[in-house]
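My structure is below; once you've seen it, I'll send some questions.
The values are calculated or read from the model by the stated rules, or taken from the named source; none is laboratory data. Keep in mind the model is a prediction, meaning the values are calculated, not measured. Here Cβ is always computed from backbone atoms with ideal geometry, including for glycine, and neighbour counts include all displayed protein chains.
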């Protein structure tokens, strides 16, 4: 999560000046100085990433900076006011998005949850019906001597269908709450409880802690049995949730299952095991005896891709917050989801970072507050009053505004455009959802459609030309042509599919009369198709070419699909305006994909290496920044060593390495003197470069050792092996 | 009832005198009645010998032997060890026989009591008629985790119990101690010591009033040691024969004729696989449900023609069940999502069969990593250079070279050895190197064919694909999912070696989802 706390709101002082001017005496202690200033240097960036970044950012001519340099000091007050305001708006916007996401996820799980609960109820009834136990029977140590199947433990395997567990931690948390609210006794164990070290006692203790009481002397199952017979506890089933089965220590889990199964009749326990890979995963970790005791049922959660589509729909396509992302950002988020991480959690985090950065980069983003409020459509006068001269100027400097040749004629223009902007996504999202309806038949993902349809340079209408239709039938290359795929699929649809599609279109467009009228016009065609189908008797199989009536049906279907295609064309032509083509879209739309990427992919290993090679960028000492390619003794030891290591192959002879290190440290003496003579820099710099004397051999060795150790800890080299005691091995190559 | 009340009172007084700390604080009558001396016997009314014998088909001689070993009332006995493989009726026979004889006994299983302390305390609790409940904070009557303490406490408790037993009538003056699953103690921490102790308990305790019975899944040979103790009397429970099994399964059936027809079909093939009643009964119960599916009336007695019909219905189901230990049934509530799943499965490819498609989500870098790990485990490290050279691993040079018969043979032997050895281990660096190779190859030449890889005009994707930032995270999540296993200790030394635990099927599935030509990279496969 992007730490929202880092966005502090100190008054933006004139620190930008000190950033830009490089030559000041205080520069040597800049790292610390800047870290504080950077966060105070307005809420420009959500994370105080580092000097390097903030410096680069500030020097780049973003509109914000352009504005900043122009504003008078009078406006600092306003700046402060706006940055807190933006933060506030961010919070309302984000809370809205977050709530939408939560609702979607809860909806997607609710069916499974009630399924699991029904299963528990049914199984519990079946156990109860086999005969109630007397108290003395239920707590005694020897087993109930009935049939062998009485040792079966009812188990639900909940397939999460994602290799990563993060998304589902919350799911199991909610399942826990849900089952508790239904009256079950629920305990939740995680793989931490199943460690080989604490053995089966550890997880039993965890169970007892959650069921019986926080401190038990000895974790013994008989305690559970006695507890279960007290205070009417036995009227409800006992549920144990293990959310990450694969990560558990197999033998311990097997032991727990065996123990609990011995008591299965006395304490009816239901296991709920979260399985992230295939459903036979328990087979790999449990022992045979334990497996035989499980009476397993399978429940499948919705896949990450399905959830992703639902989240996209809720956040971007349904009226939610108004915040949206540009084509490139969407592509980045998509590829991050598919290639890098694949969890919804990280997707949401990406979204949050994007949102935060949008609010910190874009002064006009405060306008989003009005989009958040559902009922208020117009900007009121006092709200526009908030817009200062500077922001107004900024707003008319926006690229989308200048591109569209909107000049700054009146202040009144702005609210007009803004209300347009607010209305804009409505028909657009309806069109996207309509296309998604068709795409569903071709198993298209909303994620793909969404990403493609945001492309500001796409020309969809070319797919509708007759030559293109022939073309796309002949060869099916071009996998990212969603529209083309949709059109192709449209021609394969059966009449029943067509009619169901038509129904969903009707629902989708209900609020937007222009499209709805067009959709309604399709109905007569649909009716004739249905009529033809009924005459033929087999409405669902247009592929059989037998009778004449069939060819009639085919003709009708063809006419119908042509009409549908025409409607799609109409929708695309009239309403498919990607958000990036609209003036003032910068207010809503986050576009800076580079910032998002650098915030998300920290790339710590690569960073360590590049920082070591260019340590002067971080340290900002005067001597090193002018060194060029030569190594100076005043550089940091670790940095020197790592630069030297670049000259070696995958193994480094320690002696050679040490010798070259020593050469650099010693040779500095003469050089440094020359330099200090030739260059007339400040006194401070001299102090740094001129160290007292040639360091003693022992000191050099000590420094060498420490530097090597640091490299080892950073994971860049590996210590000598026994076989080759005088060589270290390089672990990483390239930076 | 009155007698029970009085005995309860006496019990209480003795216990409060003996137990140090925990006394029942609340005098109000709670519904959980405290145990009495009667709870040491089976509780329910005892059964006759005939009922006992008919309950356990095929165990007649063992039951009679066991009764003979126990002997008449008040007859001191040597320790008895009952052994035989799992699910042969050892525990049930012992318990039911004690029920038949109506003798007081104490039962503890080393399965439930998984360490010495719990075992000892469980035995003492039963002897002291103590029950854990909320009013005593679920604590034991005595704290005891050393064998020496146990002997003292046991002696004390026993003399108390026997004193009470004297006054009660018809139960003799013997208490039997049954310890089940003795073989599990072997795996405990210091287990062999505890085993020694249990075997020598009889001689150490020197109380003939305690009859010790050990139930073990392993033969007595495994417990022999040089310690001198009285050898227990042995009683062996052999595996059930097929006829025994038939009788056992027919015992509680409503429609014996139908079930016997069912057993005619299934019992013989399944007997060859296992004779454990427990396993068979779970399998049979589900199979019998299938068997009855075509029938409307379950009370019908089948004729030959119907049997044949039912058999042909069941036949295809038998063979898969034979190999199965773990069945996952799909619950009806899960039905609709499964439908969705099939849709999703088809999403990646319409023509392929469902079996060949991965049914869980992995990010594509995790997929490449999985393949890299699989390759690293299967291929010898020496071949890496030739496999992953600049041409992207199409090494046909090796294959073209003439190979002599002899070297072929050698290679085959080596290959078989490799199969026996299982997947090899590899260091992290090798994994990352292979990952980088195949990920770049997958991107450049095979990316266009891939359906899940998306083209990316901006170039962000290409860049971030090659970023190694998240890779270590992915490695750890692969480890968590048991696809990779780790060995080695010190992370600084970098001596951790990994091993891929992925089956070839799964690796192929993953490769297919990326359109990655895995077969080309596999050495000699």
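Look at the range B:395-438 and say how many of its residues are in a loop (DSSP other than H, G, I, E, B) and either modelled with pLDDT of 75 or more or touching a helix residue (DSSP H, G or I) at 6+ places or on another chain (Cβ under 7 Å) (or both). First the steps, then the outcome.
At the first step, the residues of the range B:395-438 found to be in a loop (DSSP other than H, G, I, E, B) are B:395-396, B:401-404, B:422-424.
From the residues that got through so far, the ones that are either modelled with pLDDT of 75 or more or touching a helix residue (DSSP H, G or I) at 6+ places or on another chain (Cβ under 7 Å) (or both) too are B:395, B:422-424.
The total comes to 4.
Which condition from (1) assigned to a helix (DSSP H, G or I); (2) modelled with pLDDT of 55 or more; (3) surrounded by 12 or more Cβ atoms within 10 Å (Cβ to Cβ) is the one that residue B:463 breaks?
Going through the list (1) assigned to a helix (DSSP H, G or I); (2) modelled with pLDDT of 55 or more; (3) surrounded by 12 or more Cβ atoms within 10 Å (Cβ to Cβ), residue B:463 breaks only (2).
Where in the range A:215-298 are there helices (runs of 4 or more DSSP H), lying fully within it, with 1 or more residues that are closer than 22 Å to residue A:181 by Cα, more than 31 Å from the chain's Cα centre (by Cα) and within 9 Å of another protein chain (Cβ to nearest Cβ)? Show your work before the answer.
Values: elements: A:221-228, A:250-262, A:281-285, A:288-293.
Correct list: A:221-228.
Report the residue count in the range A:306-321 for those that are within 9 Å of chain B (Cβ to nearest Cβ) and surrounded by 21 or more Cβ atoms within 10 Å (Cβ to Cβ). Can you show your working first?
Step one: of the range A:306-321, the residues within 9 Å of chain B (Cβ to nearest Cβ) are A:306.
Narrowing further to those that are surrounded by 21 or more Cβ atoms within 10 Å (Cβ to Cβ): none.
Looking only at that region, the number is 0.
From the list A:179, A:157, A:163, A:175, exactly one residue is modelled with pLDDT of 85 or more, facing chain B (nearest Cβ under 10 Å), farther than 27 Å from residue B:253 by Cα and touching a strand residue (DSSP E or B) at 6+ places or on another chain (Cβ under 7 Å). Which is it?
Numbers: A:179 fails: facing chain B (nearest Cβ under 10 Å); A:163 fails: modelled with pLDDT of 85 or more; A:175 fails: facing chain B (nearest Cβ under 10 Å).
When all the criteria are applied, what remains is A:157.
Can you find, within the range B:139-163, the residue that is farthest from residue A:214 (Cα to Cα) among those that are out of contact with any helix residue (DSSP H, G or I) (no Cβ under 6 Å at 6 or more places or on another chain) and not in a helix (DSSP H, G or I)?
The qualifying residue farthest from residue A:214 (Cα to Cα) is B:146.
Confirm whether residue A:207 is closer than 30 Å to residue B:358 by Cβ, modelled with pLDDT of 85 or more and more than 10 Å from every other protein chain (Cβ to nearest Cβ).
no
Would you pick out the residues in the range B:87-108 that are assigned to a helix (DSSP H, G or I) and within 11 Å of chain A (Cβ to nearest Cβ)?
Applying the first criterion (assigned to a helix (DSSP H, G or I)) to the range B:87-108 yields B:90-101.
Once the filter is applied, which keeps residues that are assigned to a helix (DSSP H, G or I) and within 11 Å of chain A (Cβ to nearest Cβ), the range B:87-108 yields B:91, B:92, B:93, B:94, B:95, B:96, B:98, B:99.
Taking the range A:578-624 only, how many residues are more than 14 Å from every other protein chain (Cβ to nearest Cβ), in a loop (DSSP other than H, G, I, E, B) and surrounded by 17 or more Cβ atoms within 10 Å (Cβ to Cβ)?
Filtering the range A:578-624 for residues more than 14 Å from every other protein chain (Cβ to nearest Cβ) gives A:578-579, A:581-590, A:611-624.
Cutting the leftovers down to in a loop (DSSP other than H, G, I, E, B) gives us A:578, A:582-584, A:588, A:614-615, A:620-621.
Now drop any that are not surrounded by 17 or more Cβ atoms within 10 Å (Cβ to Cβ), which leaves A:578, A:582-584, A:588, A:615, A:620-621.
So the answer is 8.
Would you check if there is a residue in the range A:222-233 being within 17 Å of residue A:270 (Cα to Cα), surrounded by fewer than 17 Cβ atoms within 10 Å (Cβ to Cβ) and in contact (Cβ under 8 Å) with a residue 24 or more places away in the chain?
yes
So which of B:111, B:59 ends up being in contact (Cβ under 8 Å) with a residue 60 or more places away in the chain, closer than 26 Å to residue B:252 by Cβ and within 9 Å of chain A (Cβ to nearest Cβ)? Full working, then the answer.
On the way: B:59 fails: within 9 Å of chain A (Cβ to nearest Cβ).
Criteria check complete, one pass: B:111.
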